[in-house]
Amino acid sequence: MDSSLLVKEKKERVYHLPDLESAEEGKVVMRIAPGPSGPLHIGHTRVSILNDEYVKRYGGKLIARYEDTNPEKIDPEAYDMIPEDLEWLGVKVDESYIQSSRFEIYYDYTRKLIEMGKAYVCTCNGDHWRELKEKKMACPCHDLPVEVQMERFEKLLNGEYKEGEAVAVVKTDLCHPNPAVRDFVALRVVEHPHPLTGDKYRAYPMMNLSVAIDDHLMGMTHVVRGKDHLNNTVRQQYIFDYFGWKKPVYYHYGLVNIPDTVLKTSLIKKSIEAGEYSGWDDVRTGTVRALKRRGIRPEAIRRYWIESGMKSVDIQFSWDGLYSMNRDIIDGISNRYFFVDSPVRYDIEGIDVIDGKAPLHPDHPERGDRIYKIDGSKTIFISEEDSKQFSDAGKIRLKDLCNIEYGMPAKYIGNDVSILKHGAKAVQWVSRDSVKASILMPDGTVREGLAEKALLDEKCDSVQFERIGFVKIEKKNPDIIETVFTHR
RNA sequence: GCUCCUGUAGUGUAGCGGCCAAUCAUGAAGCCCUCUCGAGGCUUCGACACGGGUUCAAAUCCCGUCGGGAGCACCA
């Protein structure tokens, strides 16, 4: 019998996404459209991964479009941070555009809409205009002649209206049963300077205008985005219809509820400025940077979203689920080391020299061992918690080294592993030549302790501290080893 | 209030008229293995929201009820 049949290969998990409707091989064009208000967070990764995954599957191109049409909500650094985040995620962007450099385009199309009688410039009070819409009624500006609208529009562009005094509106259907799709604002006046264009423009397009125009101009074949845009899609389709443009195929996945995580960039930014968070990669936040820092692999994030699929049901994000997928990836590559939390010192008597060794990875003996030789005063440290256990139980096994009996000093009592079968616990320990080390936990607290010296020679930045969990090495020198906790 | 989306185990997912006394993963519990509370192996727990129809046959189609979510912004 073939013995290989007995060794069951670890089953490769299969992840798949549903097919895209009318997707032509090599001709799929999709986009991700972040607003540059801060770096990406875990919530943003879904739309990024999904679009990227489809473009990779069918072939075509992925466009990154920075939707910076609200100057008040822009963090100039985001223009650089987002591409970095995308790159780390493994999202391959083929073309990038910045909407603030395309205002003239949006103005031109708005003029065309006005000429067609499909848009108007409204100078009514905003609240009043909304009340009328609620009652399915047109405001006085709605039906003004085209020449007047055009005149007003040029005034809007030239800055002759102050903020709130006028807006350009796209007509839809005032009697539409869904109040959310009746006439929507296309351009508004903003006096706040734009980080990129300064005070060059005063008329700022609203997303529904710029998105519709860009989706057409950039040749989008498929649009995948969150369900929260459902009504926006309906609005944008009016513009497509007015111009007779071919519409992309739209998909709207359900909302994701991400528990126990700070995601709001404005909040994070505030905390950073207040000195409460160390930066955008503070482990207490849900930014992509924080995940990276914690040792979450982009492939795990990708798998997570692919497995979640594109259903329009709202879902609950599960950190456990993500960790499990990440563990799949890092378990094999992470060598094992001992870390001792809040070390308690013990000297061992009753033997001259103690030798020991432990595999770098129990599933990969070929990687070699950590070699131990304890001599001289034979000092070791175990964690405070294990120390208590030691004094209670009287006997304990220093894993991969020897057994000892409680006392000051402790007494060497052989190296028979079978002591474990008789109730003794195996605990991790470090010798006197260990290195100071710390683990930054996800809640921001820091565990201080000692790590074994062999870790200094480790090449991979992901390791497992036995019985503690996986950590990512952030800083490593003979004086200090700083790590960040990944997960168990 | 109006409109839209949506309801399969704790979570995520498969199934889309008979092969479903419902898949897989995660989670929980237990056992085995392992000198880690990791990995691996085995076992167990746990779901078609409810009520009507249509049909020989429904998780799958239709209607209603109830539940969840979103939008009705001069944010994206």
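The values are calculated or read from the model by the stated rules, or taken from the named source; none is laboratory data. Predicted model only: the values in this text are computed from it and were never measured. All Cβ positions, glycine included, derive from the backbone under ideal geometry; neighbour counts span all protein chains shown.
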> Do the conditions hold for A:LEU50, that is, is it at pLDDT 95 or above, in contact with an Asp or Glu (Cβ under 7 Å, 6 or more places away or on another chain) and in the same structural domain as A:THR221 (by TED's automatic domain parsing)?
Replying inline: no
> Among the strands (runs of 3 or more DSSP E) contained in segment A:370-488, which hold 3 or more residues that are at pLDDT 95 or above, buried (at least 16 other Cβ atoms within 10 Å of the Cβ) and not hydroxyl-bearing (Ser, Thr, Tyr)?
Replying inline: A:379-383, A:395-398, A:402-405, A:435-440, A:446-451, A:462-465, A:469-477, A:480-487
> How about segment A:279-318: which of its residues are of a type in the set (Ser, Thr, Tyr) and in contact with a helix residue (DSSP H, G or I) (Cβ under 8 Å, 6 or more places away or on another chain)?
Replying inline: A:THR285, A:THR287, A:TYR304, A:SER308, A:SER312
> Can you tell me which residues in segment A:233-279 are among the basic types (Lys, Arg) and in a loop (DSSP other than H, G, I, E, B)?
Replying inline: A:LYS246, A:LYS247, A:LYS264
> From the residues in segment A:14-62 that are among the polar types (S, T, N, Q) and assigned to a loop (DSSP other than H, G, I, E, B), which one is nearest to RNA strand B (Cβ to nearest atom)?
Replying inline: A:SER37
> When only residues in segment A:240-261 that are among the hydrophobic types (A, V, I, L, M, F, W, C) and touching a residue at least 40 places away in the same chain (Cβ under 8 Å) count, which is farthest from A:LEU113 (Cα to Cα)?
Replying inline: A:ILE258
> Can you tell which of A:LEU230, A:LEU267, A:LEU263 is assigned by TED's automatic domain parsing to the domain that holds A:VAL313, within 11 Å of RNA strand B (Cβ to nearest atom), at negative phi and surrounded by fewer than 16 Cβ atoms within 10 Å (Cβ to Cβ)?
Replying inline: A:LEU230
>> Restricting to segment A:160-172, count the residues that are farther than 20 Å from A:SER210 by Cα and away from RNA strand B (no atom under 11 Å from the Cβ).
In response: 1
>> I'm checking my understanding of the structure. Among residues of segment A:211-227 that are in contact with a strand residue (DSSP E or B) (Cβ under 9 Å, 6 or more places away or on another chain) and not aliphatic (A, V, I, L, M), which one is nearest to RNA strand B (Cβ to nearest atom)?
In response: A:LYS227
